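K.L.:
Input: one structure, supplied below.
Every read-out reported here was derived from the displayed coordinates using simple, explicitly stated rules and does not represent laboratory data. Since the structure is predicted, the reported quantities are computational estimates derived from the model, not experimental observations. FYI the Cβ positions are ideal-geometry reconstructions off the backbone, even for glycines, and counts take in every protein chain you see.
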């Protein structure tokens, strides 16, 4: 009986995970893979070309559901933004989320201290247009930080 109950519990857990994927949300693994792919593209040369590709909403190679890349300089200046190209060139070091968290400043500080990290904050989901908790995976590359996040 316990084996049947355990099997049912595992099956239900699997259905929950599949339902989340069916809803269109990217996973933590997707975020890590996209950031690593972005870092590799930047290491390959032509940074300006890569930034433009990351920022092109129509470029399917750099978007997965609600997942996109952002690249900041270590001073908070945006080099690429997959959800809002109008942010490119702006220094967002003082930008705060709805709770008052200076998430760009924190992101830059974490990049300098750790190099690779996850960060929590709140941001507008480009698919739902609602402010939602977000988890951002970031890797430092030279004088930039490359990030991709998932909504919780």
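K.L.:
Ranking 136, 34, 87 by Cβ neighbours within 10 Å, fewest first, what do you get?
P.N.:
87, 136, 34
K.L.:
Would region 112-152 count as rounded, prolate or oblate if I go by the C-alpha gyration tensor, calling it rounded below 1.5 in a/c and otherwise prolate when a/b exceeds b/c, oblate otherwise?
P.N.:
Judged from the Cα gyration tensor, region 112-152 comes out prolate (a/c at least 1.5, a/b above b/c).
K.L.:
With a Förster radius of 22 Å, plug the Cβ-Cβ distance of residue 52 and residue 124 into 1/(1 + (r/R0)^6) and report the FRET value to the nearest 0.05.
P.N.:
After rounding to 0.05, the efficiency reads 0.45.
K.L.:
I would also like to ask the following. Write down the Kirkwood hydrodynamic radius of region 80-148, to one decimal in angstroms, obtained as one divided by the mean of 1/r over all alpha carbon pairs.
P.N.:
Here the Kirkwood hydrodynamic radius works out to 12.7 Å.
K.L.:
Additional query: How do 53, 109 line up, fewest other C-beta atoms within 10 Å first?
P.N.:
Ordered by Cβ neighbours within 10 Å, fewest first: 109, 53.
K.L.:
Go ahead and collect, in residue order, the members of region 30-51 whose backbone nitrogen is under 17 Å from a label point 7 Å along the Cα-Cβ direction of residue 116.
P.N.:
Residues 30-43 fall inside that zone.
K.L.:
Can you sort 63, 28, 107 by how many other beta carbons sit within 10 Å, fewest first?
P.N.:
28, 63, 107
K.L.:
Full extension from residue 109 to residue 85: what is 0.36 nm times the residue separation minus their Cα-Cα distance, to one decimal in nm?
P.N.:
6.3 nm
K.L.:
Using only alpha carbon positions, build the gyration tensor of region 25-151, then give the equivalent ellipsoid semi-axes as the square roots of 5 times its eigenvalues, largest first, whole angstrom.
P.N.:
Whole-Å semi-axes of the equivalent ellipsoid: 19, 17, 14.
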